[in-house]
Amino acid sequence: MQEPGRAGGPGGLRDLGIRLLLGFVVSGSCLLGVEAVLLDAFRIPTRSMEGTLLAGDFLLVSKARYLRGRALKGLGLPVDLTQDRGDVVVFHPPHSPAKYYVKRIVGLPGDTVAMRRGLVTINGQPLDEPYAHSSGLPDGHHRSMNWQLDHRTAQGPRPTRDNWGPLVVPEGHYFVLGDNRDNSEDSRYWGFVDGAQIVGEPWRVYYSQEPVAEVNARVAQVRWDRIGELVE
C-alpha cells in the first residue's frame, strides 16, 4: 500500500500537482513583485523631451539603483547616488512633488550654469548638446523664472527662456532641461532638483502611439519603430 501524500498513487500525484501549481503561483508573484519594485511604467504626455522621447511614448523606468542605494543609506552604509551630466532621469519636481517629470541633467552640484542665446554654458564653457533642439520661436520671459533673481551670481536683465543665469547648483541638487528647449517646463522655471527626489532612469520604450489630441476622428497610429528602443 502506498503511503498517503507520496508520488506514485492518486493521492500522491494530486499533492504533487498542487505543490507544483503553488510553486508556479508563488514564483510568478515574486517575479511580478520584483518587477513592480525595480521597474515602473510611465507615459510621456508632452513634447518637452522631443527628439529623445515623444508624446505618447510609454517607458519602462529602472528604479533598482535608487532603491538599493537608499536602503544602504538607511543602514548607515556609504553609497554613491550621484548622477552624470547628460543622464535622463525621472523625478519629483520641487513645485509639484506628487508628479513625475522626465528631463535631462545638464548642471551638477557646484556647477555654474547659464544660457546665452539658447546655448548652455557650464563653468563658462559651452556644453556640447547633440540631443537638444530649438524650433526658433521668439524668446520670452515668464514670471515663474523670477526665482532666479535671488540665486544669480551676477546682475543682468531679467531671465528669459534663452538667456538666464549664471546660477550655482547647490550641493545635492541638479539643474535639468528638456531636450525640446522651446517647449519644456524645467529648472529654468521652477529651480533645482533635489537628488533625493530622483526615482529612476528611463530604460526602454515599451509602447508608443500618436497622442490622441493629434489624431482627431481617426484612430491613433502605433509607432512600431519605437517599441523596444533604448532611452539615451
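Within the stretch 112-129, track down each residue that is part of a loop (DSSP other than H, G, I, E, B) and hydrophobic (A, V, I, L, M, F, W, C).
Initial filter on the stretch 112-129 (part of a loop (DSSP other than H, G, I, E, B)): 117-118, 123-124, 127-129.
Of everything in the stretch 112-129, just one residue is part of a loop (DSSP other than H, G, I, E, B) and hydrophobic (A, V, I, L, M, F, W, C), namely Leu127.
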Can you find a residue in the stretch 129-142 that is out of contact with any strand residue (DSSP E or B) (no Cβ under 8 Å at 6 or more places or on another chain), without any contact (Cβ under 8 Å) to a residue 60 or more places away in the chain, assigned by TED's automatic domain parsing to the domain that holds Pro93 and within 21 Å of Gln83 (Cβ to Cβ)?
yes
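Just the residues that are assigned to a loop (DSSP other than H, G, I, E, B) and over 22 Å from Arg104 (Cβ atoms), please, taken from the stretch 141-175.
Across the stretch 141-175, the qualifying residues are His141, Thr153, Ala154, Gln155, Gly156, Pro157, Arg158.
If you check Pro93, Pro78, Pro4, which single one turns out to be under 22 Å from Val199 (Cβ atoms) and either at pLDDT below 85 or loosely packed, with under 11 Cβ neighbours inside 10 Å (or both)?
Values: Pro93 fails: either at pLDDT below 85 or loosely packed, with under 11 Cβ neighbours inside 10 Å (or both); Pro4 fails: under 22 Å from Val199 (Cβ atoms).
So the residue among Pro93, Pro78, Pro4 that is under 22 Å from Val199 (Cβ atoms) and either at pLDDT below 85 or loosely packed, with under 11 Cβ neighbours inside 10 Å (or both) is Pro78.
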Leu67: modelled with pLDDT under 85, closer than 20 Å to Glu229 by Cβ and not polar (S, T, N, Q), yes or no?
no
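The values are calculated or read from the model by the stated rules, or taken from the named source; none is laboratory data. Only a predicted model underlies this, so the values are computations on that prediction, with no experimental measurement involved. Cβ sites come from the backbone with ideal geometry, for glycine too, and all protein chains shown count toward neighbours.
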